[in-house]
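K.L.:
First, the structure itself, so that you have it in front of you.
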Amino acid sequence: MPPTITRSLLSTYRCHPNDKLQLQVEYFSPSVQCHCTWQVQQSNDDVLRPIQNGSIVNTNYSSTLTINSITLELQGLYVCNVENIYGRAMTQTHVIIDKDRSDDEESGEKKLKYFILFY
């Protein structure tokens, strides 16, 4: 029996530059000879490639990809394949990096402080 993904990735993950990104997949496989692989197709690339910037931790029924500091160059399509001798299951997500909003947040905090002082 092929593996079954019991906790898929969301269709899209949005984060800001330098955020920690953690993607986790949970699955069930009746075969003990099961393994997970992660690949990425970055925005400026045409093919899926193995993950270079991140760490992968696999347990018996889950796989977690962690990128400690995401950058604009790392956005793209992330794919997790779970495979045993009977077949494969796959889940994927688009990782989108939004521009850093620290300037907007800072100016918002200043406006709020100004409002509180003069209320």
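K.L.:
What do you reckon, is residue 76 over 11 Å from the mean Cα position of the chain (by Cα) and touching a residue at least 12 places away in the same chain (Cβ under 8 Å)? Walk me through how you get there before you give the answer.
P.N.:
Values: over 11 Å from the mean Cα position of the chain (by Cα): no; touching a residue at least 12 places away in the same chain (Cβ under 8 Å): yes.
For residue 76, the condition - over 11 Å from the mean Cα position of the chain (by Cα) and touching a residue at least 12 places away in the same chain (Cβ under 8 Å) - is not met.
K.L.:
Can you give me the number of residues within region 54-90 that are under 15 Å from residue 3 (Cβ atoms), of a type in the set (Ser, Thr, Tyr) and surrounded by fewer than 18 Cβ atoms within 10 Å (Cβ to Cβ)?
P.N.:
Count: 4.
Read-outs throughout are calculated quantities, based only on the coordinates presented, and are distinct from any laboratory measurement. Source: prediction; values computed, not measured. Every residue, glycine among them, receives a Cβ derived from its backbone with ideal geometry; neighbour counts consider all protein chains shown.
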